[in-house]
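Quick notes on the structure that follows.
The values are calculated or read from the model by the stated rules, or taken from the named source; none is laboratory data. Please read all numbers here as calculations on a predicted model, not as lab measurements. Positions of Cβ are backbone-derived with ideal geometry, glycine not excepted, and every protein chain shown enters the neighbour counts.
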Amino acid sequence: VQNSEGRPVFWHDGSRIGGGGGEPPLYTDWKLMPGCTPYYKSFEGSKSESKNFTEGDGSIYRPLYDRVASSVSLPPGTEVDSRLLLDSSRYLLLPAFYETI
């Protein structure tokens, strides 16, 4: 469900976005539930909004994001092709992370 500005209002489990109460479980099925739209599709005109998901509406998932980011961090002194890196110490996070959420 979206509000009049096109922003999502509820998570897939029916809990209100930004309403507190903890993080809803991640929805991992390949088929969307009826009436649901992937979060990022709500902001197709504003990629910065969807790219900053865990800094806005999805902030409840930031601890999960940080755990994933930590697990793809490079050990000090590791040399890797720079095209695979977000910065000098982390691999790019897979787009599937955002697709899953």
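Below, the figures for the structure above:
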| item | result |
| --- | --- |
| Region 63-84: number of residues that are among the charged types (D, E, K, R) and surrounded by 14 or more Cβ atoms within 10 Å (Cβ to Cβ) | 0 |
| Residue match in region 2-18 (condition: surrounded by 10 or more Cβ atoms within 10 Å (Cβ to Cβ), of a type outside the set (A, V, I, L, M, F, W, C), in a loop (DSSP other than H, G, I, E, B) and modelled with pLDDT under 75) | yes |
